[in-house]
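Visitor: The structure is given below, and queries will be raised subsequently.
Every number in this text was worked out from the coordinates using simple rules, so none of it is lab data. Since we're looking at a predicted model, the values are computed, not measured. Using ideal geometry, Cβ is built from the backbone for each residue, glycine included, and neighbour counts are taken over all protein chains shown.
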Amino acid sequence: MIFKGTATALITPFKDGRLDIDAYDRLLDFQLEGGVDAVVALGTTGEPATLTEEERAIIISRTVKKLKGKLKIIVGCGSNNTRVAAFECKRAEDMGADATLVVTPYYNKCTQEGLFEHYRAICEASSLPVICYNVPSRTGVNILPSTFGRLIKEVKGVVGIKEASGNIQQIAKCVAEAKDAAVYSGDDGITVPVMALGGVGVISVASNIFPRQVAKMTSLCLSGDFPSAAKLQLELMPAVDALFSEVNPIPVKYAASRLGFGDGSVRLPLTPLSGEHRVLVDKILSSAELH
């Protein structure tokens, strides 16, 4: 199992349209100090679709340089082209990552058999453990629990799933299929329910801003103290709502900029956070205990 607890799906800070590496380094330090268990570089929150190949390599290199041996380093390597996803996984391996997060193919929607063959081909190209990423609201493709179970049984290298379908019944079925594999919540708003069903953690957007709180919540779950974890989940809900008031990662990048991590900008086709939602995020930050 790659990690238990909290992995932060990192933003990629920008300044004047370019990577802000100083801000990224400070964000990594903030995560380490906050007690998270792992980080995900170049996941959806990191805007890899609008980064150049050189920029993606820089992000991987900086993450490994700063955190190797301190936190588990997971790199997002998804593509709707299986060969590209396999290449990205091999590059992440060569650069020192500990695992990869691979979203289902998107746009050219495939069957469940296509999903199986996609992940099998990727695992044959790299020795890194693979966490499948199921987010049908973005991709239009849903990994059925039975397909996840088949992958666990038949494909060496698939070690877990980030489940962001939002369907608790489906997530419960994934847990039942998981055996020794890991099921991670892909939605900050349902982390405790997922862990109560047997999930082992969360890949979190909110922990960019609230690493200590999210890490404490998952730690409480892992220790079996679900009442305390549920209390913390409910306390975090206004922040989670604010951080998803527009399409991710628009709000979280604005929030991060308020903490000094980049200028808050996103790349087209994403657009800056609207004024009314800036007020909402500012209110959450002003009332939150961030350190």
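Visitor: Calculate, in nm to one decimal, what ARG138 and ALA176 gain on full extension: separation in residues at 0.36 nm each, minus their alpha carbon distance. Before the final figure, lay out each step's value.
Guide: On the way: separation 38, 0.36 × 38 = 13.68 nm, distance 2.48 nm.
Length gained, ARG138 through ALA176: 11.2 nm.
Visitor: By how many nm would the segment from ASN167 to SER61 lengthen if fully extended, with 0.36 nm per residue of separation less the alpha-carbon distance? List each step's numbers first, then the result.
Guide: Working: separation 106, 0.36 × 106 = 38.16 nm, distance 3.53 nm.
Gain on extension, ASN167 to SER61, equals 34.6 nm.
Visitor: Nearest 20 debye, what's the magnitude of the dipole of the range 106-168 about its Cα centre given +1 on Lys and Arg Cβ and -1 on Asp and Glu Cβ?
Guide: 100
Visitor: Using a simple charge model, +1 on the beta-carbon of Lys and Arg, -1 on the beta-carbon of Asp and Glu, nothing else, what dipole does the range 5-225 show about its Cα centre, in debye to the nearest 20?
Guide: Dipole magnitude for the range 5-225 comes out near 220 debye.
Visitor: Identify, among SER257, VAL183, ALA242, the residue whose Cα sits farthest towards the positive end of the charge dipole of the range 165-261, taking +1 on the Cβ of Lys and Arg and -1 on the Cβ of Asp and Glu, with the dipole about the Cα centre.
Guide: SER257
Visitor: Which listed residue (PRO13, ILE203, GLY149) has the Cα farthest towards the positive end of the charge dipole for the chain, taking +1 on Lys and Arg C-beta and -1 on Asp and Glu C-beta about the Cα centre?
Guide: The Cα lying farthest towards the positive end belongs to GLY149.
Visitor: Okay, moving on. Taking the Cα centre of the range 120-276 as origin, work out the dipole magnitude from +1 charges on Lys and Arg Cβ and -1 charges on Asp and Glu Cβ, in debye rounded to 20.
Guide: On the way: 14 positive and 13 negative charges, 72 e Å.
Using Cβ point charges on Lys, Arg, Asp and Glu, the range 120-276 gives about 340 debye.
Visitor: In the range 78-108, whose amide N lies under 18 Å from the spot 7 Å out along Cα-to-Cβ of LYS70? List them in ranges.
Guide: 96-99
Visitor: Just want to confirm a number: the relative contact order over the range 58-117, from Cα pairs under 8 angstrom separated by 6+ residues, in percent. Please report the intermediate quantities before stating the final value.
Guide: Numbers: 65 pairs, mean separation 21.9, N = 60.
After rounding, I find 36 percent.
Visitor: Can you order the peptides 274-287, 156-169 by their average number of other Cβ atoms within 10 Å per residue, highest first?
Guide: Numbers: 274-287: 14.3, 156-169: 19.9.
Answer by packing, highest mean first, reads 156-169, 274-287.
Visitor: Starting with the highest mean, order 80-86, 117-123 by the number of other Cβ atoms within 10 Å, averaged over the residues of each peptide.
Guide: On the way: 80-86: 16.3, 117-123: 20.6.
Final packing ranking: 117-123, 80-86.
Visitor: Which of rounded, prolate, oblate describes the range 5-225, given a ≥ b ≥ c as roots of the alpha-carbon gyration tensor eigenvalues and a/c under 1.5 marking rounded, otherwise prolate only if a/b is larger than b/c? Before the final figure, lay out each step's value.
Guide: Details: a/c = 1.68, a/b = 1.13, b/c = 1.49.
Because a/c hits 1.5 or more and a/b fails to exceed b/c, the range 5-225 counts as oblate.
Visitor: Using only the Cα atoms of the range 136-291, construct the convex hull and provide its projected area averaged over every direction, in square nanometres to one decimal. Numbers along the way, then the final one.
Guide: Numbers: hull surface 40.9 nm².
That works out to 10.2 nm².
Visitor: Something else: Set the Förster distance to 22 Å, then compute FRET efficiency between ALA49 and ASP282 from the Cβ-Cβ distance, nearest 0.05.
Guide: That pair, ALA49 with ASP282, gives E of 0.20.
Visitor: Using a basic spin-label model with each label point 7 Å from the Cα along Cα→Cβ, how many nm lie between ASP16 and GLN112?
Guide: Going by the 7 Å Cα→Cβ label model, 5.4 nm.
Visitor: While we're looking at this one, here's another question. For the chain, what relative contact order do you get, as a whole percent, if you take Cα pairs closer than 8 Å and at least 6 residues apart?
Guide: Values: 577 pairs, mean separation 56.9, N = 291.
Relative contact order here is 20 percent.
Visitor: With each run of n ≥ 4 DSSP H residues scored as -39500 (n - 2.57), what mean residue ellipticity at 222 nm is computed for the chain after dividing by its residue count and rounding to the nearest 500 deg cm²/dmol? Walk me through the numbers on the way to the answer.
Guide: Working: 12 runs with 139 residues, N = 291.
Value at 222 nm, helices only: -14500 deg cm²/dmol.
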